[in-house]
Amino acid sequence: MSAILEVRDLRTQFDTLDGVVRAVDGVSFDLARGETLGIVGESGCGKSVTALSILRLIPPETGRIAAGSSIRFEGEELTGLSEQEMKRLRGHRISMIFQEPMTSLNPVLTVGTQIAENVTRHLGLPKKAALARAVEMLDLVRIADPGRRVYEYPHQLSGGMRQRVMIAMALSCDPQVLIADEPTTALDVTVQAQILDLMLELKEKTGTAIVLITHDLGVVAETTQRVVVMYAGRKVEEAPVEALFDNPLHPYTRGLMRAIPRLDVEADAAGTRPRLQEIPGLVPLLTRPIIGCAFAARCELATDRCRTTPPPFVDAGGGHIVACWEAKP
């Protein structure tokens with residue numbers, strides 16, 4: 001299957017009072033047409049910055065995508081496009097669902113106006129037709145009584161409904177790629193399941209490829225075909241979702257797996273279940289150059305080579321690759 005999005009050696013940096021933060025440090029991956037790709041890792045590993053970099057939403061006053069980075073969408077290099085050209089692309093051919101809908105929606109405009117504005121800008125529909133499209137999209141994401149809700153403001157909607165509005169807005173212009181940044185983080189478990197089911201259902205209807213950014217491995221297991229694992233701004237492992245869960249190769253990935261509560265593990269005679277295993281240590285400071293493997297200081301398998309030489313990616317077969325000197329494919 002051909003790739004619709006190709007990211008190569010992406011490096012995104014921010015200037016701070018403490019120095020240059022290397023938030024994304026040499027990340028590469030492909031997104032196939034119609035695929036759902038998961039990007040996972042703990043908070044601060046660079047997942048959201050990767051998404052913002054793809055859409056060129058890094059604030060130029062403090063950040064930049066370093067020279068040599070490549071982001072190609074349908075064969076077109078995005079890093080060389082002007083801001084005006086990117087505005088025509090964002091919300092149309094590539095859309096994004098942001099992490100917190102209450103801060104992403106305009107509080108003084110009705111949700112219908114906000115969806116219609118996007119439709120008018122990119123599809124050129126007149127105001128009446130654009131509002132009708134907004135009603136259609138609210139109905140598509142299963143918001144009850146969309147003809148009334150289209151005139152309501154974000155504060156009048158629940159968290160789950162606001163997230164559905166964000167999905168409706170993102171899909172209103174039939175994008176080829178949808179980037180979902182932690183789309184269920186602030187929602188309760190029941191609504192989370194509804195939102196994820198909705199996204200997958202809409203993907204099947206529209207054929208949109210999805211990049212799903214999350215720290216929830218349970219969500220990844222249920223919704224994605226392929227997974228990229230990030231740590232300290234770097235990709236450390238990539239695999240089809242079944243292969244990753246059946247045989248995680250990187251010590252960091254295995255640490256994430258061990259931190260998941262397991263319902264299939266029996267309690268002992270005293271009724272005590274095994275404690276979850278934490279990953280010891282701290283994430284390295286991204287203002288300092290990382291020599292060797294970024295995970296070495298926290299890894300129980302680390303050797304002197306791990307601390308001095310960056311590990312290359314090793315192909316374990318079947319599209320499963322890992323950057324670790326001590327991994328046994």
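The values are calculated or read from the model by the stated rules, or taken from the named source; none is laboratory data. Quantities reported herein were computed from a predicted structural model and do not represent experimental measurements. Note that each Cβ is placed from the backbone with ideal geometry, even for glycine, and that neighbours are counted across all protein chains shown. In case anyone asks, the SASA skips ligands and DNA or RNA and just uses the protein heavy atoms, side chains included. Shrake-Rupley method; radii C 1.70, N 1.55, O 1.52, S 1.80 Å.
Observations
- Difference of contour (0.36 nm per residue) and Cα-Cα distance, residue 272 to residue 309: 9.1 nm
- Full extension of the chain segment joining residue 148 with residue 43 gains 34.0 nm, where the gain is 0.36 nm per residue of separation less the Cα-Cα distance.
- 10 Å Cβ shell holding at most 12 others, DSSP loop, GluC sites (Glu not before Pro): longest site-free stretch of the chain: 62-265
- DSSP beta bridges fully contained in the chain are about 65 percent antiparallel.
- Segment residue 108..residue 282, full-extension length gain: 58.5 nm, with 0.36 nm per residue of separation and the alpha-carbon distance subtracted.
- Note that segment 7-14 has calculated 3J(HN,Hα) couplings of 10, 10, 6, 6, 10, 10, 10, 10 Hz, one per residue in order, obtained from phi through the Karplus relation 6.51 cos²θ - 1.76 cosθ + 1.60 (θ = phi - 60°); glycine and proline are x.
- The coefficient of translational diffusion for segment 1-146, derived via Stokes-Einstein from the alpha carbon Kirkwood radius under 4 °C and 1.567 mPa s, stands at 75 µm²/s.
- Probing with 1.4 Å while keeping every protein chain in the model, the per residue accessible area of segment 99-182 equals 45 Å².
- Each other residue within a Cβ distance under 15 Å of residue 122 adds +1 if Lys or Arg and -1 if Asp or Glu, for a net charge of +4.
- Dipole of the chain, positive direction: furthest Cα of 225, 274, 249, with charges on the beta-carbon: 225
- About the centre of its Cα atoms, segment 179-305 shows a dipole size close to 580 debye [charges on the beta carbon of Lys, Arg (+1) and Asp, Glu (-1) only; nearest 20 debye].
- Shown for the chain: the carbon plus sulfur share of the solvent-accessible area, taken with all protein chains present and a 1.4 angstrom probe, equals 54%.
- Inter-site label distance for residue 123 and residue 17 at 7 Å from Cα along Cβ, in nm: 4.8
- Helical contribution to [θ] at 222 nm, DSSP H n ≥ 4, -39,500 (n - 2.57), averaged over the chain, rounded to 500: -9000 deg cm²/dmol
- The charge dipole of the chain, taken about its Cα centre with unit charges on the Cβ atoms of Lys, Arg (+1), Asp and Glu (-1) only, comes to about 640 debye.
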